[in-house]
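Here's the structure, in structure tokens; my notes come after.
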Amino acid sequence: MMECKKALTETKGDIETAMEYLRKQGLAKADKKAGRVAAEGRVVLAQNGGKAVLVEINSETDFVAKDENFLKFADEVAKTALASGAADVDALKNTKTSYGPTVEEARQWLVAKVGENVQVRRLVRIDGNNKVGAYIHGGRIGVLVELKGGSDELAKGVAMHVAAMNPPYVSPDHVPADIVAKEKEIALAQIKDSGKPADILEKMISGKLRKTLSEMSLTGQPYVLDTNVTVEAALKKEGAEVLGFQRLAVGEGIEKKEEDFAAEVMKQAGLA
């Protein structure tokens, strides 16, 4: 209300000019905060059958990430991403929301309102029209899993598994050749002084490598909803196949500034 009153005063009551003034002010405030680290936030989901998106939206503090205005913005961004088919964040920012402004314009208004840097950081989507399992854990981890065949329950369960275990690859066959070579080298180094014959060493290396590749692959891991079977076995039981998955966790890869509050107080008091 006060911002609107100030805008009308500055523009001598011209509503159109006042609106433009407010937009410029919002942009200026957003620009000032753009350099501040935003490593908190939420991962949000929008889904319609076999099409689904996850969007990571960051804030500076967890307090703002729970703010009603932030949550409404996040939900609208996810819905806009799904409806528009935007392939990446840059395209999404220029897409209009259901209530008029673009995602970027809405973000600038939100920054001005909450007083923190807010960023739409990442977008992943699945559009294959296969079965999609989606899972959000506490608003901080989001997973999409694309299955060929299987039930909705299985798709959701595999998504939960990915959220919990964070496997780097779908199956051992998906592990890059350079990673396989490195793991084989490590396995060899572990047993090269065992004194075993060459043919036995080769079998031991193959066994170690097979175990390692299974542990880093979704299909080879014990299924979190039934640890007596592997994910692969759970899939085979329903004649299903994992075509791919996407996993986002809030703030991963962002270097957070560690605050030493005691030192800061000492500094402010002139004691350091």
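Quick notes on this one:
- Condition met for GLY207 (buried (at least 18 other Cβ atoms within 10 Å of the Cβ) and either closer than 18 Å to LEU243 by Cβ or of a type outside the set (Asp, Glu) (or both)): no
- Enumeration of residues in segment 228-242 that are open to solvent by less than 80 Å² (accessible area, probe 1.4 Å) and assigned to a strand (DSSP E or B): VAL229, THR230, VAL242
- Elements of type strands (runs of 3 or more DSSP E) in segment 45-149, at least 3 residues being among the charged types (D, E, K, R): 119-126
- Every residue from segment 83-92 that is touching a residue at least 24 places away in the same chain (Cβ under 8 Å) and touching a Leu at 6+ places or on another chain (Cβ under 9 Å): ALA86, ALA87, ASP88, VAL89, LEU92
- Where VAL158 falls short, out of the listed (1) in a loop (DSSP other than H, G, I, E, B); (2) of a type in the set (A, V, I, L, M); (3) closer than 30 Å to VAL229 by Cα: (1)
- Qualifying residues in segment 130-147 (those that are free of Cβ contacts under 8 Å to residues at least 60 places away in the same chain and open to solvent by 40 Å² or more (accessible area, probe 1.4 Å)) - the one farthest from PRO168 (Cα to Cα): GLY138
- Of all residues in segment 96-115, those being over 20 Å from the mean Cα position of the chain (by Cα) and open to solvent by 20 Å² or more (accessible area, probe 1.4 Å) number 13.
- GLU153 vs. criteria at pLDDT 95 or above and acidic (Asp, Glu): yes
- Residue check, LYS72 under 17 Å from GLN119 (Cα atoms), of a type outside the set (Phe, Trp, Tyr) and open to solvent by 50 Å² or more (accessible area, probe 1.4 Å): yes
- The one condition in (1) modelled with pLDDT of 95 or more; (2) open to solvent by 70 Å² or more (accessible area, probe 1.4 Å) that LYS182 fails to fulfil: (1)
- First in segment 66-78 and closer than 13 Å to LYS93 by Cα, second anywhere and of a type in the set (Ser, Thr, Tyr) and outside any helix (DSSP H, G or I), Cβ under 7 Å, 6 or more apart: GLU76/THR97; GLU76/SER98
- In this entry, GLU68 is excluded by the filter for residues that are in contact with a helix residue (DSSP H, G or I) (Cβ under 7 Å, 6 or more places away or on another chain) and acidic (Asp, Glu).
- Residue in segment 165-179 that is farthest from ALA233 (Cα to Cα), counting only those that are aliphatic (A, V, I, L, M) and open to solvent by 70 Å² or more (accessible area, probe 1.4 Å): ALA177
- GLN119, sole failed condition from (1) open to solvent by 60 Å² or more (accessible area, probe 1.4 Å); (2) under 30 Å from LYS66 (Cα atoms); (3) polar (S, T, N, Q): (1)
- Candidates ASP127, ASP199 - the one that is open to solvent by 30 Å² or more (accessible area, probe 1.4 Å), touching a residue at least 60 places away in the same chain (Cβ under 8 Å) and out of contact with any Asp or Glu (no Cβ under 9 Å at 6 or more places or on another chain): ASP127
The values are calculated or read from the model by the stated rules, or taken from the named source; none is laboratory data. These figures come from a predicted structure and were not determined experimentally. Because the Cβ atoms are built from the backbone with ideal geometry, glycine has one as well, and the counts that use them run over all protein chains shown. The accessibility values were calculated without ligands, DNA or RNA, using every heavy atom of the protein model including side chains. Shrake-Rupley method; radii C 1.70, N 1.55, O 1.52, S 1.80 Å.
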